[in-house]
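The values are calculated or read from the model by the stated rules, or taken from the named source; none is laboratory data. These numbers were taken from a predicted model, which means no experiment stands behind them. Ideal geometry is used to build each Cβ from the backbone, glycine not excepted, and the neighbour counts take in all protein chains shown. To get the accessible areas, we keep the full protein, side chains included, count just its heavy atoms, and leave off ligands, DNA and RNA. Shrake-Rupley method; radii C 1.70, N 1.55, O 1.52, S 1.80 Å.
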Amino acid sequence: MASSRIGVISDTHGSLPDPAYHLLEGAWSDEELAGSILVASEVSYPAEGGVSLVEADAESVRSRPCDLILHAGDIGSQLILDELGAIARTVAVLGNNDYATYWCSDGEVRDLRSLTHEGVDIFMQHIPKEMEASLCGRPPLRPALGTKVPDLSVHGHTHISRLEVIGSRIVLCPGSPSQARRGSGHAAALVDVEEGRLARIALVRLP
């Protein structure tokens, strides 16, 4: 399989700043991108199983257009999904502040999404606590939605970037490109897929 890039964004709340749009369409220079990396991690698959994140050089993340864009909720405007869809196929979920009916290039926006992209299984839901309940269940009344653990689970809501391993999956929150909280700054994320596996993930600071 060829390499593929996934752009991840959340909590736009009606505003998609130009730097975020240009990042996702691959218009940043490699130097601009390297200078804006908050965290860059290579995804490793140890022989004994599981997955781990290994610190990588910022220069290893090169600028390129996204092949898929994920929006993890609190969209705020249909125009944002239209703009993202002009760059690449866009998959989105509803946030707790999304009351309208939204459409993206992948169809009607729902509360949660499960998809496979280039061999990588992805699950997305806006609120992290709800995402964990959907994936793991909440005994005894709420069963897990499925038996297959995704490679990547994506949430929004906190407006604070997050990248960590939980069990055998990677959990990612891109932060917000327009409404930072607790001094976290504006941010988005880039995920590279190579040979049917997660290869590299970067959290990117936006101006």
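State yes or no: is ASP98 out of contact with any His (no Cβ under 6 Å at 6 or more places or on another chain) and either free of Cβ contacts under 8 Å to residues at least 24 places away in the same chain or open to solvent by 70 Å² or more (accessible area, probe 1.4 Å) (or both)?
Answer is no for this residue.
Among the numbered conditions (1) more than 22 Å from VAL204 (Cβ to Cβ); (2) charged (D, E, K, R); (3) touching a residue at least 40 places away in the same chain (Cβ under 8 Å), tell me where GLU132 comes up short.
(3)
For the stretch 154-173, state whether one or more residues are in a helix (DSSP H, G or I), charged (D, E, K, R) and open to solvent by 10 Å² or more (accessible area, probe 1.4 Å).
no
Which residues, taken from the stretch 142-153, are exposed (fewer than 15 other Cβ atoms within 10 Å of the Cβ), out of contact with any helix residue (DSSP H, G or I) (no Cβ under 9 Å at 6 or more places or on another chain) and modelled with pLDDT of 75 or more?
Passing the criteria: PRO143, LYS148.
Being within 15 Å of the chain's Cα centre (by Cα) and touching a residue at least 40 places away in the same chain (Cβ under 8 Å) narrows it down to one residue among GLY14, GLY26, GLY7; which is it?
GLY7
Residue under question is GLY175, and the condition is that it be at pLDDT 95 or above and at positive phi; does it hold?
Yes, satisfied.
State which residue pairs qualify: first residue touching a residue at least 24 places away in the same chain (Cβ under 8 Å) and inside the stretch 76-89, second residue among the hydroxyl-bearing types (Ser, Thr, Tyr) and buried (at least 16 other Cβ atoms within 10 Å of the Cβ) in any location, beta carbons under 7 Å apart, and separation of 6 or more residues or different chains.
From the stretch 76-89, the pairs are GLY76/THR12; GLN78/TYR102; ILE80/THR12; LEU81/THR90; LEU81/TYR102; GLU83/TYR21; LEU84/THR90.
So VAL109 passes all but one of these: (1) open to solvent by less than 40 Å² (accessible area, probe 1.4 Å); (2) farther than 27 Å from GLU164 by Cβ. Which condition number does it fail?
(2)
Considering only the stretch 46-58, state which residues are touching a Leu at 6+ places or on another chain (Cβ under 9 Å) and open to solvent by 40 Å² or more (accessible area, probe 1.4 Å).
Of everything in the stretch 46-58, just one residue is touching a Leu at 6+ places or on another chain (Cβ under 9 Å) and open to solvent by 40 Å² or more (accessible area, probe 1.4 Å), namely LEU53.
Name the residues in the stretch 67-87 that are open to solvent by 10 Å² or more (accessible area, probe 1.4 Å) and within 16 Å of the chain's Cα centre (by Cα), would you?
Correct list: ASP67, GLY85, ILE87.
Tell me which residues, restricted to the stretch 23-45, are open to solvent by less than 50 Å² (accessible area, probe 1.4 Å), of a type outside the set (Val, Ile, Thr) and under 19 Å from VAL8 (Cβ atoms).
Matches in the stretch 23-45: LEU23, LEU24, GLY26, TRP28, LEU33, ALA34, SER36, ALA40, SER41.
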